[in-house]
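Enquirer: Here you go, one structure.
Nothing in this text is a laboratory measurement; each read-out follows from the coordinates by a stated rule. Note that the structure is a prediction, hence the values are computed from the model and not measured. Cβ atoms come from the backbone with ideal geometry, glycine included; neighbour counts cover every protein chain shown.
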C-alpha cells in the first residue's frame, strides 16, 4: 500500500503542477490579450487617436466645403453680374472709370509723408 499511496501523491502532485501550468498559461494569454487590446497596433488607444484624426479631418472638410461654396458664388458673380465685376475692380484694384474723380479721406489729416494740396484760388 505505501507504493500506491506514493504513486497517488505523485499523481496528485503532477496534476497540481499541470493545473498550475495551465493556469499560468491562461493568465499569460489573458494579460497578452489585455495588453494587445489597449496598446496593440489596432488597440483601443490607437482607435482613440484615429477617431480624433477623423474628427479633425471632418472639420477641415466642412471648412473647405464652405470655402468652395463662397468661391463658386464669386465665380458665378463674375460670369453673370457686370456690376459685381465693377465693384471688385474698384475695391480690390482701385480702378476708376474714365472721367471720374477720386477723393481720398484720411482721419486726422493727410497720410504720413504726403503734402496737403489745395485746389482753388489762393489768398490775395
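Enquirer: Taking the Cα-to-Cβ direction at residue 44 and at residue 63 and moving 7 Å from each Cα, how far apart do the two end points lie in nm?
Expert: Those two pseudo-labels are separated by 3.2 nm.
Enquirer: Divide the volume of the convex hull of the Cα atoms of the range 42-96 by its number of residues and quote the answer in cubic angstrom per residue.
Expert: 82
Enquirer: With labels modelled as points extended 7 Å from the Cα through the Cβ direction, what inter-label distance (nm, one decimal) is found for residue 56 paired with residue 79?
Expert: Using points 7 Å along Cα→Cβ, the separation is 3.6 nm.
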